[in-house]
């Protein structure tokens with residue numbers, strides 16, 4: 001009589017650890033197959049857990065999508081923050097930060113760009129997620145623009161978002177092959193540097209008058 005194969009028990013993880021483990025698997029699914037590869041059932045299979053356990057951590061597919069996007073964003077944000085806080089010169093900082101953005105998998109980059117745009121307030125969960133993301137972006141780049149240009153408050157925020165949007169446009173050009181990566185990086189650095197330094201020169205001149 002054949003002996004039943006004993007299943008290896010799933011290791012117990014605290015709730016926070018399990019959620020992070022599921023998000024790591026979800027991020028891998030997105031990198032390998034795009035956002036269409038991410039589903040509650042697909043995550044359960046890839047992580048080797050029950051679908052019920054996935055639902056214990058994510059209320060719906062939309063909740064899973066937003067949580068995965070936030071997980072991916074924090075990884076890129078941490079890397080970008082390290083570049084900004086490294087204290088390099090303006091051109092080096094701009095180039096390295098842009099290269100991090102360009103080198104993201106297209107699905108991740110496009111989703112982050114969509115999440116960073118204005119949201120429909122009727123979709124409360126999406127609106128909250130976008131607000132959190134925008135505050136993280138402004139918390140990093142607005143102080144940097146302030147230090148480099150001498151602008152303050154709303155003006156620095158407007159310039160920071162202008163540069164973020166310009167980065168997205170150039171990244172699209174690199175992705176579709178209309179511009180080479182080295183040329184795209186060089187153009188980004190030139191545009192961002194010239195915008196920041198011209199504003200700094202204007203502010204310096206105004207203070208001397």
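The values are calculated or read from the model by the stated rules, or taken from the named source; none is laboratory data. This one's a predicted model, so the numbers in the text were calculated from it and none came from an experiment. Using ideal geometry, Cβ is built from the backbone for each residue, glycine included, and neighbour counts are taken over all protein chains shown.
I need every pair where a residue in the stretch 129-141 that is over 17 Å from residue 80 (Cα atoms) and in the same structural domain as residue 164 (by TED's automatic domain parsing) has its Cβ under 7 Å from the Cβ of a residue that is modelled with pLDDT under 85 and outside any helix (DSSP H, G or I), sequence separation at least 6 or different chains.
As it stands, the answer is 130/119, since those pairs meet every condition given.
Conditions tested, residue by residue: (1) under 21 Å from the mean Cα position of the chain (by Cα); (2) assigned to a helix (DSSP H, G or I); (3) at pLDDT 95 or above; (4) closer than 14 Å to residue 25 by Cα.
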site: 63; (1), (2), (3), (4): yes, yes, no, no
site: 71; (1), (2), (3), (4): yes, yes, no, yes
site: 77; (1), (2), (3), (4): yes, yes, no, no
site: 80; (1), (2), (3), (4): yes, yes, no, no
site: 88; (1), (2), (3), (4): no, no, no, no
site: 110; (1), (2), (3), (4): yes, yes, no, no
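With respect to residue 177, determine if the residue is touching a residue at least 12 places away in the same chain (Cβ under 8 Å) and over 19 Å from the mean Cα position of the chain (by Cα).
no
With the condition kept exactly as written, say whether any residue in the stretch 146-157 is on the phi < 0 side of the Ramachandran plot, in a loop (DSSP other than H, G, I, E, B) and either over 20 Å from the mean Cα position of the chain (by Cα) or modelled with pLDDT of 90 or more (or both).
Looking for residues that are on the phi < 0 side of the Ramachandran plot, in a loop (DSSP other than H, G, I, E, B) and either over 20 Å from the mean Cα position of the chain (by Cα) or modelled with pLDDT of 90 or more (or both), one finds at least one in the stretch 146-157, hence yes.
Against the condition at pLDDT 90 or above and either in the same structural domain as residue 131 (by TED's automatic domain parsing) or surrounded by fewer than 17 Cβ atoms within 10 Å (Cβ to Cβ) (or both), how does residue 53 come out, does it pass?
Criteria met by residue 53.
Under 7 Å between Cβ atoms, which residue pairs at least 6 apart in sequence (or on different chains) link something in the stretch 40-59 that is in contact (Cβ under 8 Å) with a residue 40 or more places away in the chain with a partner that is surrounded by 14 or more Cβ atoms within 10 Å (Cβ to Cβ) and assigned to a helix (DSSP H, G or I)?
57/18; 57/19; 57/22
Taking the stated definitions as given, is residue 37 modelled with pLDDT under 95 and within 26 Å of residue 112 (Cβ to Cβ)?
yes
Please tell me if residue 170 is closer than 17 Å to residue 70 by Cβ, assigned by TED's automatic domain parsing to the domain that holds residue 203 and at pLDDT 90 or above.
No: the conditions fail for residue 170.
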